[in-house]
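All remarks here apply to the structure that follows.
Any read-out appearing in this document is the output of simple, stated calculations on the displayed coordinates, not a laboratory observation. What you see is a predicted model; the values in this text were computed from it and never measured. Note that we place each Cβ from the backbone using ideal geometry, even for glycine, and neighbour counts take in every protein chain shown.
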Amino acid sequence: MPKTTRLAINGYGRIGRCFLRALLESSVAHNLKVVAINEPADLDSMAYLTRYDSTHGRFPGSVEAVDGQLRIDGEVIRVSHGKTPEAVDWHGVDLVVECSGIYGRRGELENFLQAGAPRLLLSHPGASAEDVDATIIAGINQNTLTGSEHLVSAASCTTNAIVPILDLLDRELGVEQALLSTLHSVMNDQPLIDGYHHSDLRRTRSAMQSIIPVSTGLARGVERLLPQLAGKVQAKAIRVPTTNVSAIDLTIATQRPVSAHSVNALLAEATRGPLKRLVAYSEAAHASIDFNHDPHSAIVDGSQTRTAGTHLVNLFVWFDNEWGFANRMLEVADHWSRLWNDQKTT
């Protein structure tokens, strides 16, 4: 019988709550158990936002705030309200899932370890590759984990969405150059109305009234996972006024000749085989809302595939930037914990 890994969530926002809910809806709930949450917000708000979610709907189980703790489906989760990693006692957990998005440098992350956390899984990339022991995309490079790591990043939602597709296309067609444009739903670093909300002046503008270009580290993230594409990838990001489900417009110059039909056939076949859990394929007349709460990292919209000449192909890829990513984080946590537990028993 595998040992149950005791998890703590630091930062109970969009990804923290999705991670908990994805775990409770998953097949690995008997291997992983959330026993602690650290969130500066008050307990009643935490319980309320667990119970009711404007994006993913009502929580299917029971949620109560009892004696300063959360009780979810009868299981008690201890709650703390520390504002820094060192303000929380992390002893008694096996893995902290860092979902605040605040910390990215090794010195900051090691504060969790010094406060008792044996391991830390980030819901965002490290500030640099050297700031974490490994950056892992579930289904792509999880086999590089050894179980001895202490700081691991699950990369980003956009990196998880595009890396499996780029990896396949590079192996099968050869990628000479790639241009990525992310059309991303609004995030909480944007205000509802114009305000002094961010040092990036565009992010001071109302999130729900404009399409807003923002900076992105996606190209660096791709190259971190697919080093053979170093110097070949450029990316930009545009925030659009929807609350969830994003898309990537991908243009690739290929080494081998292509047609829209051949590229779609390649992608469709891969989603029935090695990429089945990560990537889906469809040619239906979709809108973004169709993929709300979709657990895949990405869904290729074959109806939008275009080619110009024989070596330039354009793809359109949907992804639920919350739910898909939360499910991939969960898979990384499960795989890493199994390795950790195996190492402790040998």
* Low-density loop positions, trypsin sites (Lys or Arg not before Pro), the range 54-121 - DSSP coil, at most 14 other Cβ in 10 Å -> Arg58, Lys83, Arg105
* Using just the alpha carbons, could you tell me how many Å³ per residue the convex hull of the range 217-346 encloses? => 152
* Asked: Given Val97, Thr50, Val35, which one lies farthest toward the positive end of the charge dipole of the range 5-132, if we put +1 on the Cβ of every Lys and Arg and -1 on the Cβ of every Asp and Glu?
  -> Thr50
* Farthest positive-ward along the chain dipole, Cα basis, beta-carbon charges - from Ser262, Ser156, Gly11 -> Ser262
* **For the range 5-132, Kirkwood radius (reciprocal of mean inverse C-alpha pair distance, Å)** => 14.9
* To do: May I ask you to derive the relative contact order of the range 5-132, considering only C-alpha pairs under 8 Å and at least 6 residues apart, and to give it as an integer percent?
  => 27
* **Separation between Cα centres of the range 7-40 and the range 239-285, rounded to whole Å** => 30
* May I ask for the angle, rounded to the nearest 10°, between helix 157-173 and the longest principal axis of the chain, with both axes built from Cα atoms and the value confined to 0 to 90°? => 40
* Calculated P(r) of the range 290-345 - Cα pairs past 13 Å, % -> 69
* Structure fact -> When Thr307, Thr84 are arranged by how many other beta-carbons sit within 10 Å of their Cβ, fewest first, they go Thr84, Thr307
* Using only alpha carbon pairs under 8 Å that are at least six residues apart, calculate the relative contact order of the chain and give it in whole percent. => 16
* Asked: Working out 0.36 nm times the residue gap between Ala29 and Leu312, then minus their Cα-Cα distance, what length gain in nm do you get to one decimal?
  -> 97.5 nm
* Structure fact -> For the range 146-228, one quarter of the surface area of the C-alpha convex hull, expressed in nm², comes to 7.7
* Could you give the dipole magnitude of the chain about its Cα centre, charging the beta-carbon of Lys and Arg +1 and that of Asp and Glu -1, in debye to the nearest 20? -> 320
* Asked: If each residue's Cβ is checked for other Cβ atoms within 10 Å, how do Leu121, Leu266, Leu201 rank with the fewest at the top?
  -> Leu201, Leu266, Leu121
* Using alpha-carbon pairs under 8 Å, 6+ residues apart, how would you state the relative contact order of the range 158-321 in percent? -> 26
